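Notes to accompany the following structure.
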Number of protein chains: 2
Amino acid sequence: MTLTSLQQEFVLHFGEMGSRWGINRTVGQIYALLFISSEPLNAETITDALAISRSNTSMGLKELQSWNLVRLKHVQGDRRDYFTTPDDLWEIVRTLVAERKKREIDPTLTKLRELELQGPAGDDYAEARIAELREMIEMMTGFYAEMEKLETQRLVKLMTLGSRIAGLIDKTGAMFPALTKRK
Amino acid sequence: MTLTSLQQEFVLHFGEMGSRWGINRTVGQIYALLFISSEPLNAETITDALAISRSNTSMGLKELQSWNLVRLKHVQGDRRDYFTTPDDLWEIVRTLVAERKKREIDPTLTKLRELELQGPAGDDYAEARIAELREMIEMMTGFYAEMEKLETQRLVKLMTLGSRIAGLIDKTGAMFPALTKRK
DNA sequence: CAGTGATTTCAGAAATTTCTGAAATGTAAG
DNA sequence: CTTACATTTCAGAAATTTCTGAAATCACTG
């Protein structure tokens, strides 16, 4: 498979960005290629489109699968595995956020709780700082859990509303009547 | 400087997590150490607390400064530079989000716009996919820009309210009267 | 259940990133 | 201007990550 120059540029960009995210260049490129391909691709096709080794493709796909970022498809009369990304961009974003939370946030939250359980260590400042950090992370993950439940439509509306929502809350942090009365 | 076992564990954890984020172990450790230290620390102190080379400390601090994550302080009658993290956790989070956006999102947005400007490349699917991705990123960064403007107090309240806010929007995505009337 | 092709595994090679010590540069004080 | 630190730079060493080709495993098919 030969890439159009548009595909080429897109794929290369995601490869470079990959390192800024926590993933490697090849994984970024594979994902980008699947993302802009209208049809599912098999490992062989990816291998030659990106000019990498077959085994590298295999590892990259495995990595993407562990992130739940690609779906496996099968073509009638073809034994090979074909891969795609979900059509729904929101689904992709949800997955991405969920997985990053799992890998980047949750372990830290666990560790902080563990440290607090070890009880007073005679370092009041550090202890207070750790507690404060834990509380903040809990607040943010709690908010995230709520947002995760929302249907996409409502989420979109919420984002579009933007800061107009904040108008409902006065400076002291109390809610305006409009919000408290209803429900 | 010798670390208490609490400090030790905290610092090592952030070192390990560092690689899951885009930063390296040492940078994570330096930041963690500054974060749980009640007093500003100089490079020499950091160097021996973490058992790394003086030059490594210098590079790590430079990296943290480029992220705006540390502040430089000076102690009367001492020529050395002392470093701390802001007391306000919210300020830290805001900085972190802003910097990650700058490094991880903005370049991609620019690239996508650039690709669109290059005009029809005869690959309708890829073009549509790119446009869709650009729109989603614009929506999210737009929402972020709004949230960034809010005072911390309101932001906290908003997060605590959580999904109750979503009750204000009906399934079709239209706002409920309560929200539209008050303005 | 042998044969064929697809996929994965894995040890070492290649590439990249991180770290160090030595030298260079910067800076305040005398 | 010179001395006395403090900090930064930088080339090479060390460590880590990524990539490859060969071999192993897996799984259909006839």
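The values are calculated or read from the model by the stated rules, or taken from the named source; none is laboratory data. Owing to the predicted nature of the structure, the values given are computational and were not obtained by experimental measurement. Quick reminder, even Gly has a Cβ in these numbers, built from the backbone with ideal geometry, and neighbours come from all protein chains shown.
Residues checked against (1) assigned by TED's automatic domain parsing to the domain that holds B:L117; (2) in contact with a Gly (Cβ under 9 Å, 6 or more places away or on another chain); (3) modelled with pLDDT of 90 or more:
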position	(1), (2), (3)
B:R129	yes, no, yes
B:E132	yes, no, yes
B:I137	yes, no, yes
B:L155	no, no, yes
B:M159	no, yes, yes
B:G167	no, no, no
B:M175	no, no, no
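Here are A:A43, A:A98, A:A49: which of them is modelled with pLDDT of 95 or more, assigned by TED's automatic domain parsing to the domain that holds A:G142 and either surrounded by 15 or more Cβ atoms within 10 Å (Cβ to Cβ) or under 30 Å from B:E9 (Cα atoms) (or both)? After ruling out the rest, the residue left standing is A:A98.
Taken over the range B:57-77, the criterion of being near DNA strand C (Cβ under 10 Å from one of its atoms) and over 24 Å from A:R129 (Cβ atoms) is satisfied by B:S58, B:M59, B:G77.
Among the residues of the range B:92-121, how many are farther than 21 Å from A:T4 by Cβ and over 11 Å from the mean Cα position of the chain (by Cα)?
Within the range B:92-121, residues that are farther than 21 Å from A:T4 by Cβ and over 11 Å from the mean Cα position of the chain (by Cα) number 4.
If the condition is being part of a helix (DSSP H, G or I), within 16 Å of DNA strand D (Cβ to nearest atom) and either exposed (fewer than 13 other Cβ atoms within 10 Å of the Cβ) or within 14 Å of chain B (Cβ to nearest Cβ) (or both), then the range A:64-94 contributes only A:S66. Of everything in the range B:104-117 that is surrounded by fewer than 15 Cβ atoms within 10 Å (Cβ to Cβ) and within 8 Å of chain A (Cβ to nearest Cβ), the residue that is nearest to A:Q8 (Cα to Cα) is B:P107.
For the range A:23-42, what are the residues that are part of a helix (DSSP H, G or I) and away from DNA strand D (no atom under 12 Å from the Cβ)?
Of everything in the range A:23-42, those that are part of a helix (DSSP H, G or I) and away from DNA strand D (no atom under 12 Å from the Cβ) turn out to be A:Y31, A:A32, A:L33, A:L34, A:F35.
Scanning the range B:1-15 for residues that are out of contact with any Lys or Arg (no Cβ under 7 Å at 6 or more places or on another chain) and of a type outside the set (G, A, S) turns up B:M1, B:T2, B:L3, B:T4, B:L6, B:Q7, B:Q8, B:E9, B:F10, B:V11, B:L12, B:F14. Among residues of the range B:49-75 that are among the hydroxyl-bearing types (S, T, Y), those with a beta-carbon under 6 Å from a residue that is surrounded by 15 or more Cβ atoms within 10 Å (Cβ to Cβ) and part of a helix (DSSP H, G or I) at least six positions away or on a different chain give the pairs B:T57/B:A43; B:T57/B:I46; B:T57/B:T47. Within the range B:1-20, being within 25 Å of B:R103 (Cβ to Cβ) and surrounded by 17 or more Cβ atoms within 10 Å (Cβ to Cβ) holds for B:V11, B:H13, B:F14, B:G15, B:M17, B:G18.
When A:R129, A:R100, A:R20 are checked against the criterion of being within 14 Å of chain B (Cβ to nearest Cβ), more than 11 Å from DNA strand D (Cβ to nearest atom) and touching a Lys or Arg at 6+ places or on another chain (Cβ under 7 Å), a single residue qualifies: A:R20. If the condition is being out of contact with any Asp or Glu (no Cβ under 8 Å at 6 or more places or on another chain) and within 13 Å of DNA strand C (Cβ to nearest atom), then the range B:25-43 contributes B:T26, B:Q29, B:I30, B:Y31.
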